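The values are calculated or read from the model by the stated rules, or taken from the named source; none is laboratory data. What you see is a predicted model; the values in this text were computed from it and never measured. Neighbour counts run over all protein chains shown; Cβ positions are idealised from the backbone, glycine included. When the accessible area is computed, the model is the full protein with side chains, heavy atoms only, and any ligands, DNA or RNA have been set aside. Shrake-Rupley method; radii C 1.70, N 1.55, O 1.52, S 1.80 Å.
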Amino acid sequence: MTNIACWSGPRNLSTAMMYAFGARRDCAVLDEPFYAAYLAATGLDHPMSAEIIAAGQTDPKIVAAACGTQPTSTAHCYQKHMCHHMIEAFDRSWFSQVRHVFLIRHPARVLASYAAKRAAPSLADIGFVQQCALYETVVAAGYPAVVIDSYDVRQAPGSMLRALCQALALTFDPAMLSWPRGGHPSEGIWAAHWYDGVHASTGFAGPEGPLPELSSTLSSVADAAMPYYTKLKNVALR
């Protein structure tokens, strides 16, 4: 039995990856389980904040306990986490109970996609600093950590998912390469705002094109994020 905690920022192929694991018959999924607790603790204004808090678990201790509990209904559980949701005050003792994956994406691509959904994103909003810090925490504790770049997944989904499964000591399942149109029954209520594109999909989109052009404001955020992306890119699966 395996719990897999996948850490990413927003607009990072994270939902498609959750759908891929959710397409396995032996794998349940958790969609951003700390989101309600994060919003309740920070008071930040996010799309659908009130609805997310009302529908979710706002006690981070309860969420942490659930994330560290071994799955029972299925052999595996894939947890989709946003790095910025794991604020320092939240319990991390459950980290020892999961296998960690860090899903990265070039900052320019993240920002171009994020800004279309929420105006004026900051460095803190896109999770690069937090992702690097979490990676360092996991590695320092001696827990296995796998880094995978969403660009590489888009280039060759079958090869990269096979490599990821091997790194996680899982058998690759070809079912991971496609899923039903319309989303997953375990996804959060925020899907109504964020997941429209992937709801229309039945598998991974094709290879990504050139980097998008950004405004000067977004470019400065991308420049600040690049060192953190590059650090994890250097240890990513090939």
Rounded to the nearest 500, the 222 nm mean residue ellipticity computed for the chain from DSSP H runs (n ≥ 4, each -39500 (n - 2.57)) alone is -12000 deg cm²/dmol
Subtracting the Cα-Cα distance of Ser159 and Thr42 from 0.36 nm times their residue separation yields 38.2 nm
Counting Lys and Arg as +1 and Asp and Glu as -1 over every other residue whose Cβ sits under 14 Å from the Cβ of Met1, the net charge comes to +1
Length gained if Ala175 through Val235 is fully extended, taking 0.36 nm per residue and subtracting the Cα-Cα distance, is 18.9 nm
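So how much slack lies between Ala119 and Ser186, counting 0.36 nm per residue of separation and subtracting their Cα-Cα distance, in nm?
21.4 nm
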Shape descriptors of the chain over alpha-carbon atoms, Rg and Dmax in angstrom, are 16.6, 49
Expected sort for 206-218, 49-61, 31-43 on mean C-beta neighbours within 10 Å, highest first, is 31-43, 49-61, 206-218
For Lys80, the lysines lying under 20 Å Cα to Cα, once residues fewer than eight places off in the same chain are dropped, come out as Lys61, Lys117, Lys233
Heavy-atom accessible area of the chain with neighbours in place, 1.4 angstrom probe: carbon+sulfur share in percent works out to 55 percent
